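Undergrad: Handing you this structure, nothing more for now.
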Amino acid sequence: MPLSIIRQHRDDLLAAMGSAAQSGSSLWLTKLISADALLVLSGSVLTSFVGVTGLIRRMSYDRCLPMFLSYTNPWRKTNHFIIIGFFLLTSCLYYIVRGNLESLASVYTMAFLSVMALFAVGNMILKYKRGTLRRAIYTPWPHVVAGFSLVFIGLIGEIIINFTYIRYFLLYFGVTFFIVMLMFSRNRVLKLLIYFGGPKCWKDMLSRHYKKIEDRPMLFFTRTDDPTVLNKAILYVRQNELTNSLKICHVYENERDIPPNLEGHVKFLDRQYPKLCIDLVSYSFFF
Amino acid sequence: MIYPHLVFTLQEYVHKEVINILNLKLKFQVLFLLAGQFSFISLYLVALTLYLFRNIYAEVGLALPLNGGAYNVLLNCTTKLIASMAACLTLVSYIATAVVSASSAIAYGQNLWSGMDPAWAVMALLGFFCLLTLLGLKESSNVALLIFSIHIATMSLLVIMCLVKLMQSYDSITMFVDNWQTKPTDSVPADIFYGFSLALLGVSGFETSSNYIEEQNTGVFPKTLRNMWYCVSLFNPCKLRVFFCSLNEINYHVFLFSICIIIFVYNAIVYNSSTS
């Protein structure tokens, strides 16, 4: 097949190949290939629906995205808000970029290469900070660095080749990240709204919401009564979570296995952080 | 009998193949102009990258066996802000995949029924899968296997038809020579560099496995990565010739078909010996 024809059929190349391979006038091979491609690509649409539901649910549980997204309907136990939201989003996006799909394809490539690069970074940090975690495979440092640099070089190359599309990438990423940032600073936004005031019922509703966000406790499961470990957990919660309540949980089999100083240390730490209410919860559980 | 690690490889394979179909257009346009005859070096570089990443993924997957990929590892090691950056990137890539796949699917679908309005058809396709997921359809390994088998069967049929056509005339061979000779070349390192960047597109799907760790049995995750690596490093250099003559895509698919069967059999043996 000459290159000029290949260029004409950029969207359905395989089908064009099918028609070129046929000697007769019937088009059954083209149809068959089209049907097959339709099927494979539909599979990919399904993958992204399932994948996105899993990721958003996880983020919603971690409070990176609003809680309501993880609600399930009693009928089929699916996360209807995520699924319908994703449908609306993709449909709108299709409507907006119609005819300019290459921009989206390169947005995809940039996103996936950045995710891979971040994964390599994550691996490095994992080695450095959590070296004691058990693992059967240990990647040597030079390998991680080499992998990261190769992907990074690839990312740069992709950006150079498709420089015009980087603004789309930044736009999509920016919008998504803005929503997450809004979620992280929702307390400050609410405070600001309350400050600017408005009708009384509106202000009351905002305050109720504000209280609700802060009252949701975090759980920390501990095995030791080591105050440095407990303090690290508290510092993490103070820096990363919007809450004023932390429950430190200890699960024990026998009552005499409870670390002796746990209660005292928790009480002491509670007094150190007046803005954070720290409670100790112990459960007995037979493994 | 379902072999879990085999199934996940299939899912990734289907995903990867989709991206290949999507990116063919891009590759034909640009790789031909940029990568020249040195693109095989780029493709081996890609295989090397994936070899490195295979271990990177496996280490993280074994240390923190939780769903979420990059988001998961960064959440456990850094602040929530950095982790959510990775999550946003993953979200963007999911959104882009959905839109691009749906519209490419409809572009193919128009060969079946030309009277269809593409805009409404894309929305209908997205809506259909929205409904299916709402009803609780999960990614089923059987569906993945079915799609995979149909795809392989169709591609083998295409190969046979093309071979028949090839035997009927010598045009294709002269065309191959023409295509080979028309390629322009730039400086060698630049060729390799651009070729590498473009060839990386063909390996996406590698990262999806880490989003499913919880659904895979213990010890399966490294195996999936290994199988993926075999696929990519064996097939991609073969695809090199695709850029000069689409005829050679045929060779690639024949090759892929035989290799997949070998991997199937191998996996079945490994799985059976590890369980019994």
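Undergrad: Residues of the range A:261-287 with the amide nitrogen closer than 11 Å to a label point 7 Å from the Cα of A:N187, along Cα-to-Cβ, please.
TA: What the label zone holds, given the 11 Å backbone N cut-off, is A:275-277.
Undergrad: Rounded to the nearest 500, what is chain A's calculated 222 nm mean residue ellipticity when only DSSP H runs of at least 4 contribute -39500 (n - 2.57) each, over all residues? Don't jump to the answer; show the numbers that get you there.
TA: Details: 11 runs with 188 residues, N = 287.
It lands at -22000 deg cm²/dmol.
Undergrad: Which pairs, out of B:K80/B:K223; A:K129/A:K232; A:K77/B:K223; A:K211/A:K267; A:K247/B:K80, put more than 22 Å between their alpha-carbon atoms? Could you put the intermediate results ahead of the total?
TA: On the way: B:K80/B:K223 30 Å; A:K129/A:K232 13 Å; A:K77/B:K223 32 Å; A:K211/A:K267 24 Å; A:K247/B:K80 19 Å.
As for pairs spanning more than 22 Å Cα to Cα, those are B:K80/B:K223; A:K77/B:K223; A:K211/A:K267.
Undergrad: Further question: Suppose each label sits 7 Å from its Cα in the direction of the beta carbon; what would the A:N100-B:L112 distance come out to in nanometres?
TA: 3.0 nm
Undergrad: Among A:A136, A:A35, A:A120, which one shows the highest mean-square fluctuation when chain A is modelled as a Gaussian network with alpha-carbon springs under 10 Å?
TA: A:A136
Undergrad: Moving on to the next point. How far apart, in nm, are the 7 Å Cα→Cβ label points at A:K211 and A:I179?
TA: Taking the two extended label points, one gets 3.0 nm.
Undergrad: Return a whole-number percent for the relative contact order of the range A:42-85, with Cα pairs under 8 Å and 6 or more residues apart as the contact set.
TA: Numbers: 35 pairs, mean separation 13.0, N = 44.
Rounded, it is 30 percent for the range A:42-85.
Undergrad: Mind checking the full-extension length gain between A:K247 and A:Y283? Use 0.36 nm per residue of separation minus the Cα-Cα distance, one decimal, nm.
TA: Numbers: separation 36, 0.36 × 36 = 12.96 nm, distance 1.22 nm.
Going from the current span to full extension adds 11.7 nm.
Undergrad: Set the Förster distance to 25 Å, then compute FRET efficiency between B:W120 and A:I84 from the Cβ-Cβ distance, nearest 0.05. Intermediate values should be presented prior to the final figure.
TA: Values: r = 18 Å, r/R0 = 0.74.
It comes out at approximately 0.85.
Undergrad: Using R₀ = 51 Å, calculate the FRET efficiency as 1/(1 + (r/R₀)^6) where r is the Cβ-Cβ separation of A:L93 and A:N254; round to 0.05.
TA: On the way: r = 57 Å, r/R0 = 1.12.
Once rounded, the FRET efficiency stands at 0.35.
Undergrad: Quick one: check the C-alpha center-to-center distance for the range A:65-129 versus the range A:219-287, whole angstrom.
TA: Their Cα centres are 35 Å away from one another.
Undergrad: Could I ask something else about it? Just report the Cα centroid separation between the range B:58-126 and the range A:170-207, whole Å.
TA: The range B:58-126 and the range A:170-207 have Cα centres spaced 27 Å from each other.
Undergrad: Right, something else. Restricting to Cα pairs below 8 Å that are 6+ residues apart, what does the relative contact order work out to for the range A:100-184? Please round to a whole percent. Write down the numbers at each step before the final one.
TA: Values: 35 pairs, mean separation 42.2, N = 85.
Relative contact order here is 50 percent.
Undergrad: Another question, if that's okay. Neighbour counts of other C-beta atoms within 10 Å: give me A:V229, B:V122 arranged from fewest to most.
TA: Values: A:V229 14, B:V122 26.
Fewest-to-most Cβ neighbours within 10 Å comes out as A:V229, B:V122.
All of the numbers you see were taken from the coordinates with simple rules; none came from a lab. Keep in mind it's a predicted model, so treat the numbers as computed, not measured. Note that we place each Cβ from the backbone using ideal geometry, even for glycine, and neighbour counts take in every protein chain shown.
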